[in-house]
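Okay, structure first, notes after.
Coordinate-derived values only; no laboratory data. Worth saying up front: this structure is predicted, and the values here are computed from it rather than measured. Here the Cβ is made from the backbone with ideal geometry for all residues, glycine too, and neighbour counts use every protein chain on show.
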Amino acid sequence: MTTSTLDHPSLAAVKSAFGDVPMQVEAFRGQTTVIVPANRSHEVLRFLRDDPRCDYNMLVDLSGVDYMGYPVAQVARFAVVYHVLSHQFNRRLRVKVFLDPTLDTTGIEADPALWLESATELWPAAEWAEREVFDMFGIRFRGHPDLRRILMWKEFPAHPLRKDYPLRGRGEREHYQTVSRTHQ
């Protein structure tokens with residue numbers, strides 16, 4: 001039986017192990033989310049994987065979110081969301097980590113506030129998902145074995161899923177060379 005509410009079975013184990021860490025728990029449509037601070041997120045993820053009471057042995061998904069202009073006030077502008085699954089207990093849990101930029105987000109420069117520890121050592125499946133979050137949102141992952149762009153070309157001048165990126169792009173369409181079927 002799967003329990004996915006505020007009385008989620010894994011929450012007691014997490015709270016007992018990380019009593020000193022300020023966390024927030026939310027439940028929405030049967031899904032439980034634990035919001036953890038960025039500086040402790042890797043520890044919490046490791047605990048969820050390694051503790052026998054949790055045993056989240058699979059990273060189902062890892063994604064980024066840009067909350068700019070979101071109608072409900074958020075803690076920070078960006079979030080990285082981990083969806084984990086325990087096959088043994090047939091449980092799912094969502095872990096959310098908020099990050100707030102300290103630099104202008106319209107550029108490509110690395111913001112020191114937009115860094116997290118890589119989850120690739122915990123779940124190898126995180127490798128491509130972290131690359132996508134880096135490429136699209138500019139959030140970087142310390143310890144990632146190959147953190148480079150995965151969808152955009154190497155010299156692309158921005159992170160296109162940031163909400164302050166213009167819908168029509170910044171010159172990509174104007175400088176795009178059309179190739180026809182007869183082009184050689």
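Determine, from the Cβ-Cβ distance of Asn90 and Glu121 and an R0 of 22 Å, the FRET efficiency 1/(1 + (r/R0)^6), rounded to the nearest 0.05.
Numbers: r = 25 Å, r/R0 = 1.14.
With a Förster radius of 22 Å, E is 0.30.
Region 1-67 and region 72-124 have their alpha-carbon centroids 12 Å apart.
Where both bridge residues fall in region 9-142, DSSP classifies roughly 75% of the beta bridges as antiparallel. Rounded to 0.05, the FRET efficiency of the Val72 and Leu6 pair, given R0 = 22 Å and the Cβ-Cβ distance, is 0.70. In region 17-70, Rg over Rh equals 0.98, where Rg is the alpha-carbon radius of gyration and Rh the Kirkwood radius from pairwise Cα distances. Rounded if a/c is under 1.5, else prolate if a/b is larger than b/c, else oblate: which is region 60-160, with a ≥ b ≥ c the root eigenvalues of its Cα gyration tensor? Verdict is oblate for region 60-160.
Which FRET efficiency value, to the nearest 0.05, do you get for Glu109 and Asn39 by plugging their Cβ-Cβ distance into 1/(1 + (r/R0)^6) with R0 = 25 Å? The calculated FRET efficiency here is 0.70.
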